[in-house]
Amino acid sequence: MRIGWGEARRAGAHRSPEGGLLDVLGVAALALDAQGHIVLWSPQAERLLGYSAQEALGQFAARVLVAEEHFELVLRLFGEVMRSGEAWSGVFPVQHKDGTTRLLEFRNMRLQDDRGEFYALGLAADGEVLRRVERDLALSVGLVDQSPIGLAVLGDDLRYLAANAALERMDGMSAAGHLGRRVGEALPFLDSEGIEAAMREVLASGVPQVSHQVVGRSPADPGTDRAWSVSLYRLDDSGGRVLGIAVSLIDVTDRYRAGAEAERARQHLALIADASVRIGTTLDLEQTARELAEVTVPQLADVAAVDVLDSVLKGRPGSTEGPLLIQALAVVAARPTPVVAAADPPGHAAHYGADRLVTRCVRTASPVREPYLDAEKLGRIARDARSAALLAEAGAHSYLAVPLIARGEVLGAVDLIRTDNPLPFTAQDEALAGDLAARAAIAIDNARLYRQQQETALTLQRSMLPRNHHHPEDLDVVSRYRPAASRYEVGGDWFDVIGLRGGRTALVVGDVMGSGINAATTMGRLRTATQTLSRLGLEPGEVLRHLDEITADLDPWFATCVYVVYDPDAGLCRLSTAGHLPPVLIPEGGAPVLLDLPAGVPLGVGGVPFSDVTVPIGPGDRLVLYTDGLVETRDDDIDSRLETLLTLLRTPDPSLDATCDRLLRELRDPDDHDDVALLMARVRT
């Protein structure tokens, strides 16, 4: 019965492609009967020895194929095979039809048919071809087995068919353990889906993928990240049939680590450079702390907090033992997270016991790093049990605290927490955080010292401003003082109401140019001098002339001032100004006007006389004195702002207090960095 190839394929058979190993060897087959005559002759035998089947069949083989000197040896070997039935293999010289002698590799064995008759089967191949194939095979096997490169063969189902010794060492699994497994089953730590997708692409296209870097872990070293350079090649037989995938792996962990270390160093330097630019842009303490926290998120941590000792902020010695009183200055997170709720809110001071990690960091002036957090360690980070639960809920798994040290003093600490970043804090992270903290600590300390100086100036200034000024019988007087937008931006504005002899009253508003403790001190000196000079009964111009001389001695300070003396008996005001903005007079029932006064020069210029101007003022009339912080802005010219002031004053209010509050509300920018002194007086009816 003849079986067609269609049936054969259904049975699992398939044609072998031409050019296979047997074709390369050119194995010839011939059979001899018991008398040594050729009874079977294959086409390969014809190609190997030159005789056609018609020429060889029936011939006595020894006479045709063997030289005379080997005749007896051949007969003896043939007889032994036929008698014993034991196969004989070896190399033997055989004559070609063209008369040349060739060394052939023989495999001889006895055959028996169904009638009990014996035959000799000879399989022969050219010895030189066979040696060449053996050498190639030995070379291939030796290279694969002894190569330091991991090599493997996977079938078209992407399961291991073979693995060499180098791959065994890399994977920590024997070659037998690889067999039949997929990549993900043998190496669960790798991105098996990505690797198999690349393999399928190579199987489909036949285009190799060379030197792709893969990073992961293997059973041989499960605790360490390693890197391999992976190349994939499709294996085809000589007929073009796809056999599978050849994989080569080169361990490039050292190169990968060197590159990673270089990249970390680059990022380290970039982050330090970024911090140098972003931290300390102002002398505002809270903003400086926030800038530090923002630099570390998310490059170094998912949540960062900057805490400073309360004693440092207050400028007094702190306790050397026991709990610490720590004030949070900034908390920054990469995304909304319960960690923020667990942290102390900025501006809030909290006691931290000696067992807290941040306390240990501050006390020892050394970093505290906890790569992995458990419930006990979370309790030593958080201020209470609820905060520890929030940290756990957010997935906080690694913690790092580094001290803030400036000028040899520990100011506080920077607390860093990782929630989204799966990696624990490392020694390299600790070093980077320490560098950032060291650089930022100076900026934070400068802001702290500036705040202390400004608080001193603010205290000094407030102590010098009148708390309960003189209340004349004939005038209703209301005053307002508003510091700059920053409560620590201390200016030199002042006002005063001074009772004089004869029932007269002096109204004064002045502005020392500049800010800070020196400006506040200068303001206090001028206010004291003004009070002294006023009681001498001098005219306004004379008072300003003496103040000018005093201010000149305080070089390089300058000040503007308007000085008004109200005489109720005469119903007059005498005014003089030293470079100050003009007062506003609001007649009873009339429109407000800017008083036309000689502007004069600021106090401190020296050598310029000051003139007096007399203005009648009657019952119900109002006088408005102010400093430039009320009307000046960066974007508008002063004339338009003064016109706005007059427009607002045209609208009556039920009281002087209401007018003052409305002027401040309408004219003053909440973010203004200049302080304001405002004084309003109304002649009683």
Exercise. With charges set only on the Cβ (+1 for Lys and Arg, -1 for Asp and Glu), what does the dipole of the stretch 538-685 come to about its Cα centre, in debye to the nearest 20?
Worked result: 540 debye
For this session: Kindly express, to the nearest 10 degrees and within the range 0 to 90, the angle between helix 253-278's C-alpha long axis and the longest C-alpha principal axis of the chain.
Result: 10 degrees
Seminar exercise, completed: Reduced to Cα centres, the span from the stretch 568-634 to the stretch 63-138 in Å works out to 135 Å
Exercise. Which of P619, V295, A166 sits farthest toward the positive end of the charge dipole of the chain, with +1 on the Cβ of Lys and Arg and -1 on the Cβ of Asp and Glu?
Worked result: A166
For this session: Using +1 at the Cβ of each Lys and Arg and -1 at the Cβ of each Asp and Glu in the chain, identify which of V497, L648, V358 lies farthest towards the dipole's positive end.
Result: V358
Exercise. For the stretch 92-125, which trypsin sites (Lys or Arg not before Pro) are in a loop by DSSP, counting at most 12 other Cβ atoms within 10 Å?
Worked result: R115
Exercise. Sorted by average packing, counted as other Cβ atoms within 10 angstrom per residue and highest first, what order do 586-598, 187-199 take?
Worked result: 187-199, 586-598
Exercise. Binning every alpha carbon pair distance of the chain at 10 Å from zero, what are the percents per bin?
Worked result: 3, 11, 12, 10, 10, 10, 8, 6, 6, 6, 5, 3, 3, 3, 2, 1, 0
For this session: Identify, among L325, T282, P345, the residue whose Cα sits farthest towards the positive end of the charge dipole of the stretch 264-455, taking +1 on the Cβ of Lys and Arg and -1 on the Cβ of Asp and Glu, with the dipole about the Cα centre.
Result: T282
Problem set entry | Dipole in debye (nearest 20) - the chain, about Cα centre, beta carbon charges: Lys, Arg +1; Asp, Glu -1 | 1300 debye
Seminar exercise, completed: Amide H contacts under 5 Å for R181, restricted to residues at least 5 apart in sequence or on another chain and with H modeled in the peptide plane, are Y160
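Values in this text are rule-based calculations from the coordinates and carry no lab data. Not measured: the values here are computed from a predicted model. FYI the Cβ positions are ideal-geometry reconstructions off the backbone, even for glycines, and counts take in every protein chain you see.
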